[in-house]
Amino acid sequence: MTKWLEENTPKLVLAPSFIAVLIFVYGFIAWTAWVSFTRSRLLPRYDIEGFIQYERLFASPRWDTALNNLFVFGFLFIVIAMVLGLVLAILLDQNIRTEGALRTIYLYPMALSMIVTGTAWKWILNPGLGIQAMVRGWGFEDFTFDWLVNPDMAIYTIVIAAIWQSSGFVMALFLAGLRSVDGEIIKAAQVDGIPTWRIYTAIIIPSMAPIFLSAFIVLSHLAIKSFDLVIALTGGGPGYATDLPATYMYAMAFSRGDIGQAASSAMIMMMVVFAIVVPYLYSELRTKDD
Amino acid sequence: MTDLSMSQATGQNRTGKIILRWVLYLALGLFALFYLMPLFVMITTSLKSLDEIRTGDLIALPRDVTFDAWRTAWSGACTGIQCEGVRPYFWNSILIAIPAVAISTLLGAMNGYVVAQWRFRGANIIFSLMLFGCFIPFQVVLLPMARTLGIIGIAGTIPGLIFVHVIYGLGFTTLFFRNYYVSIPSELTKAAKVDGAGFFRIFWSIFLPLSLPIIVVTVIWQFTQIWNDFLFGVSFSQAGTQPVTVALNNIVNSTTGVKEYNVDMAAAIIAALPTLFVYVVAGKYFIRGLTAGSVKG
């Protein structure tokens, strides 16, 4: 008995966590998937009825808006955060004396809760007393910057706040990447008289391809999961102009009492995440095992 | 270090280089302003009176510094019908974060130790399955979790939130420790086994003493995640057990009475202080966790 115990201790130690993950991750996904194929409304029902919830979902204008917003927000957020992060990293890589302090400043928003970020930007962007009022106070009476309350533009305020929060992190990733490029190659290029910008575009940036991929994965993951920021900044409004799939799901689950819609929208979110993450994780795990 | 700008300075384009340096510093400074501006506005707004906010400039310094808004935010601001400020909710967040961080870090350390040093058939698959758990959008587990917490009888309680944070933090904490312990040669474990040391003994006297850096990284990562969490907090709490992020959101969006922007800002800063403090004190470990947590998992 003690021998058996001794031999199996590692498995016994790992078992509770593994069982917890099996139930609370995979079991729960299965539950949500199952319910997404039923007619569940206020209470879950368990007889399979096919794709009815998904049909309702894609017929819903609100979901349509949420999905569109995700693409607009996700695209702008990822592209701008990557470009800004890269620019900041390259600028900081020029032997800047105050690099440590600047890095700290660029990155601190990452330590904040999205609720805090949303609260701050909601105040700055509110037309009545924020930037618009300030610029008007300087004498530009016609200045208008009312994106926060303008249904067509509100989604871009979320882009602004999200970039403010996350671009410093992308900078940190890229900076680590720039520092890991082989110094010998760069020196050789300099000796050959190749101009600095060419060294960056032809040698350094191409060698950082894996970091671009990582940054893309992280940012797209952040974009799909964005929930707190929308709640704090716009509450999904005006109307539901800034709804994202995450806020749609939450509204269905906890205020509309429509479990079927909540489950099916959550499943779509998971499929989008997996379409991006699974190939990446698969290749990562494979290269590590070799 | 890629020192490109200084290296080719020759007499002729010396002035050009100096101008370029100035432009560089100017650009970096402007970016710094962009990142600092919201924090600056939050702090100054929180120190102004409401009158001054209505008549004054967004970025102007306060004329008369007053801490009234801070006092209200801490112990008087209304979250819905209750008007106790963020203090009780700040305390809730501490009560949630400390046990959840401790338990998930401990479990992660043990799991990582097993997966890295006591490989058995299937260990890799188990690790991969746990890793995938880090990536799911939590929306997909919200509904069944709400029902499960109700069945166990801890719905809307602080132990319920601790439970949820431990479960969904396990993937990351295991990953952190696994990646750290993998770099420790397995000969060490083998030699200790030959000497008669058992599983826990080896962990306790060999691995744990080596683990301080990764413990710091994991604790900081988990603390930041849990403190800043909103989704679980808003889904699985009820009046009285809400974490500070939920209370902050309720204060800001409460529709009763006059909109007190200075109180909103003070409450936001209070909610942000613990994680900001950790970032300032242990920024190096914070960044290491971010990059490890995102690049590799």
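The values are calculated or read from the model by the stated rules, or taken from the named source; none is laboratory data. Note that the structure is a prediction, hence the values are computed from the model and not measured. Positions of Cβ are generated from backbone atoms using ideal geometry, with glycine treated the same way; all protein chains shown enter the neighbour counts. Just the protein is used for accessible areas: all its heavy atoms, side chains included, with ligands, DNA and RNA removed. Shrake-Rupley method; radii C 1.70, N 1.55, O 1.52, S 1.80 Å.
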Could you list, in sequence order, all residues of region A:17-63 that are more than 30 Å from the chain's Cα centre (by Cα) and either without any contact (Cβ under 8 Å) to a residue 40 or more places away in the chain or away from chain B (no Cβ under 13 Å) (or both)? A:R39, A:R45, A:Y46, A:D47, A:I48, A:E49, A:G50
Could you list, in sequence order, all residues of region B:252-262 that are over 14 Å from A:A120 (Cβ atoms) and at pLDDT 80 or above? B:N253, B:K259, B:E260
For region B:185-256, give me every one of the helices (runs of 4 or more DSSP H) that falls completely inside it and has 1 or more residues that are closer than 25 Å to B:A97 by Cα. B:212-228, B:231-236, B:244-253
Pairs please, first residue from region B:30-46 and more than 7 Å from chain A (Cβ to nearest Cβ), second anywhere and open to solvent by less than 50 Å² (accessible area, probe 1.4 Å) and of a type in the set (S, T, N, Q), Cβ atoms under 9 Å, 6+ apart in sequence or on different chains. B:S46/B:N262
Condition check for B:S211: under 30 Å from A:Y282 (Cβ atoms) and away from chain A (no Cβ under 11 Å): yes
Of the residues in region A:117-157, those that are open to solvent by less than 60 Å² (accessible area, probe 1.4 Å), over 24 Å from B:L36 (Cα atoms) and within 14 Å of chain B (Cβ to nearest Cβ) number 1
Tell me whether region A:149-156 contains one or more residues that are of a type in the set (V, I, T), outside any loop (DSSP other than H, G, I, E, B) and on the phi < 0 side of the Ramachandran plot. yes
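Give the residues of region A:87-104 that are touching a residue at least 24 places away in the same chain (Cβ under 8 Å) and either open to solvent by 30 Å² or more (accessible area, probe 1.4 Å) or of a type in the set (G, A, S) (or both), sorted by residue number. Break it down into steps so the answer makes sense when it comes.
Step one: of region A:87-104, the residues touching a residue at least 24 places away in the same chain (Cβ under 8 Å) are A:88-90, A:92-93, A:103.
Hits for region A:87-104 are A:A89, A:I90, A:R103.
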Being closer than 21 Å to A:A246 by Cβ and small (G, A, S) is true for just one of A:A89, A:A59. Which residue is that? A:A59
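I'd like to check which helices (runs of 4 or more DSSP H) are fully inside region B:112-184 and have at least 3 residues that are within 7 Å of another protein chain (Cβ to nearest Cβ) and free of Cβ contacts under 8 Å to residues at least 12 places away in the same chain.
On the way: elements: B:123-132, B:139-152, B:158-181.
Because the criterion is at least 3 residues that are within 7 Å of another protein chain (Cβ to nearest Cβ) and free of Cβ contacts under 8 Å to residues at least 12 places away in the same chain, the helices (runs of 4 or more DSSP H) in region B:112-184 that meet it are B:123-132, B:139-152.
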